Amino acid sequence: MKKEAFIISNTSTLSLTKIAEGVECKDRIIGMHFLNPVPKVPLVELIKAMDTSNHTALAVKQFAAKIGKTAIEVFEYPGFVTTRAIVPLLNEAMHIYLEGISTAKDIDTAMKLGYNFQYGPLEMADMMGLDEVLAWMDSLWMILGEPRYRACPILRKLVRERKLGKKSGEGFYLYDTEGKIIQH
């Protein structure tokens, strides 16, 4: 590859610093963590490895702007910003549901109206894929050992039953063939 080329990874679990160990141009390695659905979410996290240069970060930030994304800089750490922040929220909403405090619909309505969320946390988890959410929680729980990342039992049960959310047609909600909620 050209000497001025950047090495960009979209990994959310592999260490960029570890990847950089095998190359000479450690300063040109950076991550771009896009959120799903990629075409609709205007954010991308730029993950700086231990030796990523400011030049690399600036150039990749400019590239992100050209493709219509707002980039935030994040130093390499499990979960970055978005995953670390959303996982405890999703997990707590699942505990509220499991404890019978409220229905999935009412939990989501509370967060949408009370905090101006576009989607409620349980609907969001269904959209992300409950198996993916569980994998994130398990990974963060294993790496960081913090209780806020220990997956709610209802999530494990749904995944075990292959109720993975929108992609399987059932999760916290039932979905029609077009992915619209049909049962609350």
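So which of Phe80, Phe172 is surrounded by 21 or more Cβ atoms within 10 Å (Cβ to Cβ) and either touching a strand residue (DSSP E or B) at 6+ places or on another chain (Cβ under 9 Å) or assigned by TED's automatic domain parsing to the domain that holds Phe34 (or both)?
Within the list Phe80, Phe172, the selection yields Phe172.
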Of all residues in segment 18-41, which are more than 14 Å from the chain's Cα centre (by Cα), surrounded by fewer than 15 Cβ atoms within 10 Å (Cβ to Cβ) and under 30 Å from Met124 (Cβ atoms)?
Pro39, Lys40
Criterion: of a type in the set (Asp, Glu) and surrounded by fewer than 19 Cβ atoms within 10 Å (Cβ to Cβ) - qualifying residue of Asp138, Asp126
Asp138
Kindly evaluate Val159 against the criterion of being closer than 27 Å to Leu16 by Cα, aliphatic (A, V, I, L, M) and touching a residue at least 24 places away in the same chain (Cβ under 8 Å).
no
Run down Lys3, Lys48, Lys26, Lys66 and say which single residue is at pLDDT 95 or above, out of contact with any Phe, Trp or Tyr (no Cβ under 6 Å at 6 or more places or on another chain), more than 23 Å from Met142 (Cβ to Cβ) and of a type in the set (Lys, Arg).
Lys66
Collect the residues in segment 86-108 that are of a type in the set (A, V, I, L, M) and within 16 Å of Gly171 (Cα to Cα), keeping them in residue-number order.
Leu90, Ala93, Met94, Ile96, Leu98, Ala104, Ile107
Restricting to segment 113-153, give me the number of residues that are closer than 21 Å to Glu99 by Cα, within 16 Å of the chain's Cα centre (by Cα) and among the hydrophobic types (A, V, I, L, M, F, W, C).
8
Sole residue being under 21 Å from Lys167 (Cβ atoms) and at pLDDT below 90, chosen from Leu35, Leu14:
Leu35
Selection over segment 93-122 where residues are without any contact (Cβ under 8 Å) to a residue 12 or more places away in the chain and not in a loop (DSSP other than H, G, I, E, B) yields a count of 8
Considering segment 53-91 alone, what residues qualify as being part of a helix (DSSP H, G or I) and within 16 Å of the chain's Cα centre (by Cα)?
Thr82, Thr83, Arg84, Ala85, Ile86, Val87, Pro88, Leu89, Leu90, Asn91
If we keep only residues of segment 154-184 that are more than 17 Å from Lys105 (Cα to Cα) and of a type in the set (S, T, N, Q), then the residue nearest to the chain's Cα centre (by Cα) is Ser168
Pair list, Cβ < 8 Å and 6+ apart or interchain, from segment 129-156 residues that are under 14 Å from Thr13 (Cβ atoms) to residues that are among the acidic types (Asp, Glu):
Leu140/Glu146
Under 6 Å between Cβ atoms, at least 6 apart or on separate chains: pull out the pairs that start in segment 5-20 with a residue that is free of Cβ contacts under 8 Å to residues at least 24 places away in the same chain and end on any residue that is part of a strand (DSSP E or B) and aliphatic (A, V, I, L, M).
Ile7/Ile29
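The values are calculated or read from the model by the stated rules, or taken from the named source; none is laboratory data. Keep in mind it's a predicted model, so treat the numbers as computed, not measured. Reconstructed Cβ throughout: ideal geometry from the backbone, glycine too, with neighbour counts over all protein chains shown.
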